[in-house]
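The values are calculated or read from the model by the stated rules, or taken from the named source; none is laboratory data. Just so it is clear, the model here is predicted, and its values are computed rather than measured. Here the Cβ positions follow ideal geometry from the backbone for every residue, glycine too, while neighbour counts run over all protein chains shown. Just so you know, the surface numbers come from the protein's heavy atoms only, side chains and all, with ligands and any DNA or RNA stripped out. Shrake-Rupley method; radii C 1.70, N 1.55, O 1.52, S 1.80 Å.
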Amino acid sequence: EHRQNCREHTVRESNQARELGACPRESPSFCSRFTALTISTEPRSEHGAKDGAVGTGQGCANAGSRAASAATTALFEPDRDGQTPQVVVLVGAPGMGKTMMVRKVMAEWGEGTLHEQFDFVFCIDCKAIALPMEASVADLVSQCCPGQRVPPRKILDDQKKILFIFDGFEALGFSLVEPKAELSSDPREVKPLEFTLMSLLKRTVLPKASLLITTRPTALRSLGQCLEGQCYVEILGFSAASREDYFHRYFENPNKADMAFRFARGNKILYSLCIIPVMSWTVCTILEQELCGKKNLLECSKATTGMMMLYLSHLLKHRDRDNPQVLQQFLLQLCSLAADGIWKHKVLFEEKEIKDCGLDQPGLLPLFLNEGIPREGEDHGNVYAFTHLHLQEFFAAMFYVLEDDGEMVSSLGRLEKDVHKLLESYSKSRKDLNVTVRFLFGLVSQKSLEYMDKIIGCRISPRAREELLKWLQGRHRGFSHPGQALKVSEMDTFHFLFEMNEKSFAQSALGRFTDLDLQDVKLTLYDQMALSFCIQHWDGLGCVTLQGCSFHWQDPEAELDASVPRQVSSQDRCAEPLFSTPSRRLQWCQLTESCCAELAALLAEHPGLARLELGDSSLGDSGVRLLCEGLRHPGCRLRVLR
């Protein structure tokens, strides 16, 4: 009865808690939304916790550790040697799902499906603790479970049946080096709260109770100083299968879930970022809004940069907005570090670099960079890495457009805000700068300027827009011979314009070109969206050539049996960009029979279409019959059919 009473209270509190991200609609129950996380389990000695390197949070487990996809949170189960850990440290970067994991533990325990060895589970939210105050362990127990009818002294009698959870250890902020004389061994002794909490962590009080501690990597070193015999579990994020599972759990409509996931899967940047659970939530939240009232995502107006900005605002939602200058200065230095690293192919930064840049601010640094503890024998201090490479590329792009007051001089002292140099380097040899350049286009859109200023509190300079426009207008001239029509033959141009998503800018950038000529490109749904956006705003487009290209609606990683006829082919849904083209010629577009109804309508509705070459298409007899219906229409002005 006592156990059930405390469980009911725990589940009730868990249900009342705000879900991560606070979706703008009524969310499904937490347990139905929870998705398996990939974790790496590694038992460590005190020495190992101090000197062993922990992962940098870029999705890779350390050598020698066990990586697995955890659908449940059986964190206190016996290991391969039959040993059951008493202390488990759950490590993860911001947004990786540590609090979600804690909530899942509480829910499973409350339902009686897991962790049945515990009669009582008490969760202490370290971020909500107000210091200074005084309390005993018994006081903490009463506060954690105020509705229980069991006296605290009776609860504490059987220590092995108790689990204490410390969620967000890094937020405690007090010294972990306390004199042993200040620690308590009596759970009823009232002491300053930091001494009481330290007594639990150092196990001078209730030494047989179990502990679950969640923390960011930045606090591992200090935490290791006060623990013994702990087991480390690092959250590595969503696996490929879990990402798809999360999308289907998020959306109530399976068709929308399928469409949203394929959209994300087709955008390599977004799909890679979705390894971070909170980024998956960000993408789903935006796509849900885009799909509301729309039939498909070809009308989606949110590109990758918009989703990154929403993710950034989520990271910063708890910061102090009263001093925007502090954030602006921090971001200036952070972006400088990111850009310097991108130019040098560098993802790990030494502790000295962090301090020299003025980034050693505990309230901001852990939001963006993970701290890795160096291995034994290395003496250069801690190393840091951005939570994800694409986040580093995003901040590198911000470096070129984030406004400063002219007084800030980068401590790196070597990098200039030269947009022209960045673009020319990308054109000539540095194709690895593609993502940074794409983010650059997105950041200088009018919507981005307003969002960054009003929501995040940072000023973005629009001065780079003219430089970007000149570069796009000039980059394709080298691909056209004198006297020939000017053609666009690089898919990245459409990605860049779609990232900015401004009609007038796209018209200006494409206005001097007459031909679209892509060869041997597998067009994902995201590619098709970018292509569709540009074609709709390309008034001077005269000829479309897609030789050897293919339109993909299916997941590009899915295996398709070539011997089985394709039912609704990719091209059925995704050749739409071609059917909105104002061009005079369509050639080498690998159309199929299922496209012919739309093609016939195109012939009737676009009298400007004069030339149609279908030499590489598989129309079939019924497809040709449909095509002939379009040819008979009085509005058809086709001159050449091949």
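In the range 330-353, the condition of being of a type in the set (Ser, Thr, Tyr) and modelled with pLDDT under 85 is met by no residue. Counting only helices (runs of 4 or more DSSP H) wholly contained in the range 484-550, the ones carrying 2 or more residues that are charged (D, E, K, R) occupy 491-500. Remark: pairs (first residue in the range 102-119, of a type in the set (S, T, N, Q); second residue open to solvent by 10 Å² or more (accessible area, probe 1.4 Å) and modelled with pLDDT of 80 or more; Cβ separation under 8 Å; 6+ apart in sequence or on different chains) = Gln117/Lys160; Gln117/Lys161. Contact annotation: residue pairs with Cβ atoms under 7 Å, 6 or more positions apart or on different chains, pairing a residue in the range 348-365 that is open to solvent by 60 Å² or more (accessible area, probe 1.4 Å) with a partner that is small (Gly, Ala, Ser), are Leu348/Ala385; Glu350/Gly381; Lys352/Gly381; Asp356/Ser411.
Filter the range 623-642 for residues that are over 45 Å from the mean Cα position of the chain (by Cα) and open to solvent by 50 Å² or more (accessible area, probe 1.4 Å) and give the result. Lay out the reasoning, then the answer.
Let us first name the residues in the range 623-642 that are over 45 Å from the mean Cα position of the chain (by Cα), namely 624-625, 628-642.
Within the range 623-642, Val624, Arg625, Glu629, Leu631, Arg632, His633, Pro634, Arg637, Arg639, Leu641, Arg642 qualify.
For the range 311-346, what are the residues that are closer than 30 Å to Leu287 by Cα and not in a helix (DSSP H, G or I)? Within the range 311-346, Leu316, Lys317, His318, Arg319, Asp320, Arg321 qualify.
Do you know which residues across the range 82-99 are assigned to a helix (DSSP H, G or I) and open to solvent by 30 Å² or more (accessible area, probe 1.4 Å)?
Our first condition is that a residue be assigned to a helix (DSSP H, G or I); within the range 82-99, this holds for 98-99.
Result: Thr99, single match.
What do you reckon, is Gln507 over 27 Å from Leu389 (Cα atoms) and at pLDDT 85 or above? The answer is yes for Gln507. Listed by position, the helices (runs of 4 or more DSSP H) enclosed by the range 158-263 that each have at least 3 residues that are charged (D, E, K, R) and buried (at least 16 other Cβ atoms within 10 Å of the Cβ) are 240-250.
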